[in-house]
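> Take a look at the following structure, please.
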Amino acid sequence: SQTIHQWPATLVQPVGSPLSLECTVEGTSNPNLYWYRQAAGRGLQLLFYSVGIGQISSEVPQNLSASRPQDRQFILSSKKLLLSDSGFYLCAWRGQGFSEQYFGPGTRLTVT
Amino acid sequence: AQSVTQLDSQVPVFEEAPVELRCNYSSSVSVYLFWYVQYPNQGLQLLLKYLSGSTLVKGINGFEAEFNKSQTSFHLRKPSVHISDTAEYFCAVSDQGGGSYIPTFGRGTSLIVHP
């Protein structure tokens with residue numbers, strides 16, 4: 001069966017510090033991968049998606065970036081965090097030929 | 001372009017009462033429709049999906065939804081709710097045939113079940 005992991009689960013970082021959030025998927029090949037952010041009390045905002053290794057599409061221009069160094073690994077990064085980067089970050093995957101997404105457990109990021 | 005409107009931001013209901021969470025969408029092409037549930041501090045979990053065929057779709061935890069093409073709606077229902085159903089519910093739509101299958105999500109409806 002397929003499993004999606006995200007780490008860390010929670011993170012508290014000062015303004016201006018770097019960020020690296022990791023997402024890995026098990027039990028599937030060549031998935032589409034997605035990064036979402038959920039601000040407090042708000043809906044989902046798509047940040048990046050990837051249809052293959054090294055292929056990243058950005059939906060929202062900001063100080064975040066994403067990379068996909070391996071087929072089932074998706075990394076969200078920032079060189080300098082802003083207060084507005086605080087939120088709940090969700091990784092999701094979709095299998096080839098399937099319509100629905102499956103979400104990871106999320107990372108709660110607080111920028112202080 | 002698609003859009004999804006969840007008409008109620010919050011729905012309070014008593015335990016064992018029926019509930020309906022409303023979702024309307026707009027799209028110029030045929031769509032897939034989804035409902036997800038999110039418990040506090042967790043990721044989203046797929047409740048049910050409509051791809052084609054029967055317009056009444058049954059999902060997990062006793063939930064069902066009905067696709068109404070003429071009204072462009074996909075309302076979620078449960079005949080008798082439990083305290084444990086308290087969560088955020090998201091409706092989502094994606095175009096059929098879109099290679100990246102990027103869904104558009106509604107802003108969510110908070111279901112609050114009171115004892």
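The values are calculated or read from the model by the stated rules, or taken from the named source; none is laboratory data. Everything numeric in this text was worked out from a predicted model, so none of it was measured. Glycine gets a Cβ as well: all are built from the backbone with ideal geometry, and neighbour counts include every protein chain shown. Side chains are part of the model used for accessible areas, which takes the heavy atoms of the whole protein and leaves out ligands, DNA and RNA. Shrake-Rupley method; radii C 1.70, N 1.55, O 1.52, S 1.80 Å.
> If only one of B:GLY97, B:GLY62 is over 28 Å from A:THR107 (Cβ atoms) and at pLDDT 95 or above, which one is it?
Working: B:GLY97 fails: at pLDDT 95 or above.
Going through B:GLY97, B:GLY62 in turn, the sole match is B:GLY62.
> Taking B:ASN24 and the conditions (1) within 14 Å of another protein chain (Cβ to nearest Cβ); (2) of a type in the set (S, T, N, Q); (3) part of a strand (DSSP E or B), which numbered condition does it fall short on, given that it satisfies the others?
(1)
> Hey, another quick one. Please go through segment B:12-55 and give me each residue that is in contact with a Ser or Thr (Cβ under 6 Å, 6 or more places away or on another chain) and closer than 18 Å to B:ARG107 by Cα, ordered by number.
Selection gives B:LEU21, B:ASN24, B:TYR25, B:SER26, B:TYR32.
> Mind checking which residues of segment B:26-46 are in contact (Cβ under 8 Å) with a residue 24 or more places away in the chain and within 11 Å of the chain's Cα centre (by Cα)?
The answer is B:LEU33, B:PHE34, B:TRP35, B:TYR36, B:VAL37.
> Taking only segment A:61-97 into account, find how many residues are touching a residue at least 40 places away in the same chain (Cβ under 8 Å), part of a loop (DSSP other than H, G, I, E, B) and more than 17 Å from A:ALA40 (Cβ to Cβ).
Residues in segment A:61-97 being touching a residue at least 40 places away in the same chain (Cβ under 8 Å), part of a loop (DSSP other than H, G, I, E, B) and more than 17 Å from A:ALA40 (Cβ to Cβ): 6 in total.
> Still on this structure, please answer the following. If you go through segment A:4-39, how many residues are more than 12 Å from chain B (Cβ to nearest Cβ), closer than 20 Å to B:TYR39 by Cα and in a loop (DSSP other than H, G, I, E, B)?
Number satisfying all stated conditions: 1.
> Considering only residues that are under 10 Å from the mean Cα position of the chain (by Cα) and more than 13 Å from chain B (Cβ to nearest Cβ), which ones fall in segment A:74-112?
A:PHE74, A:ILE75, A:LEU76, A:SER77
> To continue, here is another question. For segment A:1-60, give me each residue that is of a type in the set (A, V, I, L, M, F, W, C), in contact (Cβ under 8 Å) with a residue 40 or more places away in the chain and open to solvent by 70 Å² or more (accessible area, probe 1.4 Å).
A:TRP7, A:VAL12, A:VAL15, A:ALA40
> Could you check segment A:89-110 and list, in sequence order, the residues that are hydrophobic (A, V, I, L, M, F, W, C) and open to solvent by 10 Å² or more (accessible area, probe 1.4 Å)? Please lay out each step first, then the result.
Here is the first cut: in segment A:89-110, the residues hydrophobic (A, V, I, L, M, F, W, C) are A:90-93, A:98, A:103, A:109.
Within segment A:89-110, A:TRP93, A:PHE98, A:PHE103 meet the criteria.
> So, in segment B:41-89, of the ones that are part of a strand (DSSP E or B), within 14 Å of chain A (Cβ to nearest Cβ) and open to solvent by 60 Å² or more (accessible area, probe 1.4 Å), which residue ends up nearest to A:ARG37 (Cα to Cα)?
Checked segment B:41-89; the qualifying residue nearest to A:ARG37 (Cα to Cα) is B:GLN45.
> Regarding segment A:98-106, can at least one residue be identified that is at pLDDT below 95, out of contact with any strand residue (DSSP E or B) (no Cβ under 7 Å at 6 or more places or on another chain) and part of a loop (DSSP other than H, G, I, E, B)?
Yes - at least one qualifying residue is present in segment A:98-106.
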